[in-house]
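K.L.:
Take a look at this one; I'll ask things after.
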Amino acid sequence: MTSGSNIPPERTFYDPILKDRKIDERKEAVKASVLLISGCQDNQLSQDGAFNGLFTAQLLRVWADGDFKGGYRQLHSQIVRRMPPDQTPNYFRVGIRSAAFEASTPFTL
């Protein structure tokens with residue numbers, strides 16, 4: 001925390017960036033295929049578990065030590081089916097959309 005303030009320093013740093021209207025233009029300027037699959041939507045909280053969070057536990061079940069067949073979209077869909085209605089994993093793309101990348105086996109090169 002900054003002295004004399006209840007505002008966390010990271011919020012002081014990130015809030016102006018998030019309010020910047022040019023942020024959408026910068027996301028489109030990314031020259032790579034970036035894919036984020038996160039534990040919940042921005043307006044939700046991720047549930048914890050005994051060892052991992054709920055999202056990570058379900059991802060590991062679906063991934064099945066690498067036996068999963070399908071691409072990132074299928075992986076996301078199968079995880080979503082295992083989640084409660086108040087925690088919906090997010091699927092977010094930035095940059096150049098690549099159908100080949102999204103269809104590739106997750107977590108492999």
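The values are calculated or read from the model by the stated rules, or taken from the named source; none is laboratory data. Quick caveat, the model's predicted, so the values are computed rather than measured. All Cβ positions, even for glycine, are placed from backbone atoms using ideal geometry, and neighbour counts span all protein chains on display.
K.L.:
Return the pairs, sorted by first residue and then second, in which the second residue is of a type in the set (Val, Ile, Thr) and part of a loop (DSSP other than H, G, I, E, B), the first residue lies in segment 82-105 and is under 16 Å from residue 29 (Cα atoms), the beta carbons are less than 7 Å apart, and the residues are 6+ apart or on different chains.
P.N.:
Between residues of segment 82-105 that are under 16 Å from residue 29 (Cα atoms) and residues that are of a type in the set (Val, Ile, Thr) and part of a loop (DSSP other than H, G, I, E, B), the close pairs are 94/30; 95/30.
K.L.:
Next question. Go through (1) at pLDDT 95 or above; (2) within 13 Å of residue 106 (Cα to Cα) and name the single condition residue 53 misses.
P.N.:
Condition not satisfied by residue 53: (2).
K.L.:
Could you figure out which of (1) part of a loop (DSSP other than H, G, I, E, B); (2) at pLDDT below 95 isn't true of residue 13?
P.N.:
(1)
K.L.:
Sticking with this one: Name every residue in segment 66-109 that is loosely packed, with under 12 Cβ neighbours inside 10 Å, modelled with pLDDT of 95 or more and charged (D, E, K, R), in order of residue number.
P.N.:
If the condition is that a residue be loosely packed, with under 12 Cβ neighbours inside 10 Å, modelled with pLDDT of 95 or more and charged (D, E, K, R), then 67, 69, 81, 86 are the ones that fit.
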